[in-house]
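Below is one structure, written out as structure tokens; comments come after it.
The values are calculated or read from the model by the stated rules, or taken from the named source; none is laboratory data. Just so it is clear, the structure is predicted and the values come from calculations on it, not from any experiment. Neighbour counts run over all protein chains shown; Cβ positions are idealised from the backbone, glycine included.
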């Protein structure tokens, strides 16, 4: 329980949460970006996919 209190009440805990959320957001953005570019590339090549 002390770890949860430290996570949400200290500056280093809040920075950890911010870093984790930022990395998850980046992963989602990169996934969507690459999937969009792949589909655009396949459409441009006339692939049946």
ask   = Has the range 26-46 got at least one residue that is touching a helix residue (DSSP H, G or I) at 6+ places or on another chain (Cβ under 9 Å), assigned to a helix (DSSP H, G or I), modelled with pLDDT of 95 or more and surrounded by 10 or more Cβ atoms within 10 Å (Cβ to Cβ)?
value = no
remark   = Here the residues within the range 9-25 that are assigned to a helix (DSSP H, G or I), over 16 Å from the mean Cα position of the chain (by Cα) and surrounded by 10 or more Cβ atoms within 10 Å (Cβ to Cβ) are 13, 14, 15
